[in-house]
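Q: Would you mind keeping the following structure in view while I ask a few things?
Each value in this text was obtained by applying a stated rule to the coordinates, not by laboratory testing. Predicted model, so just to flag it, every value in this text is computed and none were measured. Cβ atoms come from the backbone with ideal geometry, glycine included; neighbour counts cover every protein chain shown.
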Amino acid sequence: MIKMHSGRALATAVLPLLLVPLAACSQGGAGASHLPDTSHSQSGALGHRRNASTQLKHIIVIIQENRSMDDLFNGFCIATSNCANTVTTDPVTGTPLRPVSLAAPYSPDHSHPGFVTAYDNGKMDGFHNVISACNGNNGQHVFCHMNVFAYVPHSETTTYFKLATVDGELSDMTFQADSGPSLPSHLYAIAGQSGGYDADHWALVDGSGVCGTTFNAHQIDMTTPYPGTIGNPQPPCKDFQTIFDELVNAGHTWRYYSNDALHSFYSVTQNIQHLYGSPNFIVPPQQFITDVGNGNLADVTFIMPEGGESDHPGWVNHPSYGPNWVASLVNAIGQSKYNYWNNSAIVVWWDDWGGWFDHVTPPRPVGEPSWMGNPDPYEYGFRVPLIVASPYAKVGSIDHETRSFVSTLRLIEETFGLPQLGTLDQYEPDGLDTMFNFSQNPLPYTPL
């Protein structure tokens, strides 16, 4: 049985709450002959934003880790009346959100079961009940109810706030595409799925390792109702079409930079059988700055952080590491002697909510044909921040369009005239269209 897709609109009904601001290349990889069976894919419309294909020549996607919208951009305002959709208190108890550093030495539970508990069938009142693994005596992990009602102090987010203010625009209604942790999110980032869209109804939901390893990843049963049931562990290796295959088929270049060749959530090209070992997988990510300096920027680039620069709770030794790393990548483009800034779009987003509280109920994609009697049980997760930086970004505003981060794939498809993959990319409302103004004079770059 093959799961076919047809266009759908997003359900935009969310739970509105009062905002109270806190404070003002070489081309390698797979060719068509190496692709898996993609008979489930459809070539959808390329979108209405066709002039992007003449004004954008490069798209750079930077993926950070584990922050919800309420946690990282709480109180973000362009002006007094133009603020992101965030809250300052726990809606259930009225307890104020507390400041917690990016470098706090613990990580809340952000597993799929943790999502199910926090989501609580749409009531959004289960964050208090999520069990996390906390550091106990002598470094031993103990179970605890972690206080996830937190926000990152504004003194630590200055760089991100500036990026979203002077060189780009923040989206405050972008949702994690899936409701699991990092592994499936990074697969959705390049393919709009983590498996299960064909006769095999199991999709990856967590795990580590790459093709050829013996590590197991849990999977989600696509035949079960949202938010899905886990089972059937298997080695973390799938094979389905990605945006990189579409690019190669159309004669475009791509690179995926990651310093992690072994653990799948930072190197998911290594989890796709036909991309495993591709020369387009570049280690380390610092090579990106060298490539930009040498005029060797690919048409499409994905960049993964190292753990200490990822904003991942519990992995960060200093709160400046993640923001400074992102700034170095954006500055490399913005200050390039090859004028890459003038024809590039940089998209920065955080791959999952990290276990932190967020007050907006995830919408369900609508219009998708049922799979074994149920709509896709894995889409969407909680909100995550997304920033577009570009000379054509709508600087000076906040974007409120409801979407998932898979809209980034739509942006790539529309820019380079590619067919749609026919997965979640087909159901996104746009390719981040509302975050661009291609009629404006290109904005100069302001260094971070």
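Q: Taking 30 Å as R0, compute the FRET efficiency from the Cβ-Cβ separation of residue 106 and residue 80 and round it to 0.05.
A: After rounding to 0.05, the efficiency reads 0.30.
Q: If you plug each phi of the range 149-160 into the Karplus form 6.51 cos²θ - 1.76 cosθ + 1.60 with θ = phi - 60°, what whole-Hz ³J(HN,Hα) values come out, in order, with x for Gly and Pro?
A: Working through the residues one at a time gives 8, 9, 9, 6, x, 5, 5, 9, 10, 4, 5, 5 Hz.
Q: Please report 416, 143 as a ranked list, fewest other C-beta atoms within 10 angstrom at the top and most at the bottom.
A: 143, 416
Q: Once the piece of chain linking residue 397 and residue 199 is laid out straight, how much longer is it, given 0.36 nm per residue of separation minus the C-alpha distance between them?
A: 66.9 nm
Q: Here's a follow-up. Note the full-extension length gain between residue 131 and residue 317 as 0.36 nm times their separation in residues minus their Cα-Cα distance, in nm to one decimal.
A: Difference between extended and current length: 64.6 nm.
Q: Another question, if that's okay. Please list, or write none, the lysines whose alpha carbon is within less than 17 Å of the alpha carbon of residue 238, excluding same-chain residues fewer than 8 places away.
A: Candidates past the 8-residue exclusion: 3.
Q: Show which aspartates and glutamates lie in cross-link reach of residue 123 when reach means a straight Cα distance below 14 angstrom and same-chain residues fewer than eight apart are skipped.
A: Within reach: 90, 358.
Q: Under 1.5 on a/c is rounded, so check that first for the range 32-435, then, if it is not, pick prolate when a/b is larger than b/c and oblate when it is not; a ≥ b ≥ c are the square roots of the alpha carbon gyration tensor eigenvalues.
A: Because its axes are fairly even, with a/c under 1.5, the range 32-435 counts as rounded.
Q: Amide H neighbours of residue 219 under 5 Å, at least 5 residues apart or on other chains, H built in the peptide plane: list them.
A: Those lying under 5 Å, H to H, from residue 219 are 205, 231.
Q: Pop a pseudo-label 7 angstrom from the Cα along the beta-carbon direction at both residue 166 and residue 439 and give the gap in nm to one decimal.
A: Roughly 2.8 nm, to one decimal.
Q: Using label points projected 7 Å from each Cα along Cα→Cβ, tell me how many nm separate residue 93 and residue 215, to one decimal.
A: Between residue 93 and residue 215, the label points sit 3.4 nm apart.
Q: For a quick check: sort 276, 106 by the number of other beta carbons within 10 angstrom, fewest at the front.
A: 106, 276
Q: So, one more: Once you order the gyration tensor axes a ≥ b ≥ c over the Cα atoms, which shape class does the range 332-448 get: rounded for a/c under 1.5, otherwise prolate or oblate by comparing a/b with b/c?
A: Judged from the Cα gyration tensor, the range 332-448 comes out prolate (a/c at least 1.5, a/b above b/c).
Q: What distance in nm separates the two pseudo spin-label positions at residue 145 and residue 337, each 7 Å out from Cα along the beta-carbon direction?
A: A separation of 6.0 nm, rounded to one decimal place.
Q: Under the classification rounded if a/c is under 1.5, otherwise prolate if a/b is larger than b/c and oblate if not, where does the range 392-436 fall, given a ≥ b ≥ c as square roots of the Cα gyration tensor eigenvalues?
A: It is oblate, given that a/c is not under 1.5 and a/b is not larger than b/c.
Q: What's the extension gain from residue 54 to residue 229 if we count 0.36 nm per residue and subtract their Cα-Cα distance?
A: Length gained between residue 54 and residue 229: 58.6 nm.
Q: Ok, one more. Which of 410, 364 has the fewest other C-beta atoms within 10 Å, and how do the rest follow up to the most?
A: Exposure proxy ranking, most exposed first: 364, 410.
Q: Under 5 Å between amide hydrogens, which residues at least 5 positions from residue 404 or on another chain qualify, with H placed 1.01 Å from N in the peptide plane?
A: Answer set, sorted by chain and number: 175.
Q: Cα centroids of the range 277-325 and the range 427-448: how far apart, whole angstrom?
A: A separation of 23 Å, based on Cα centres.
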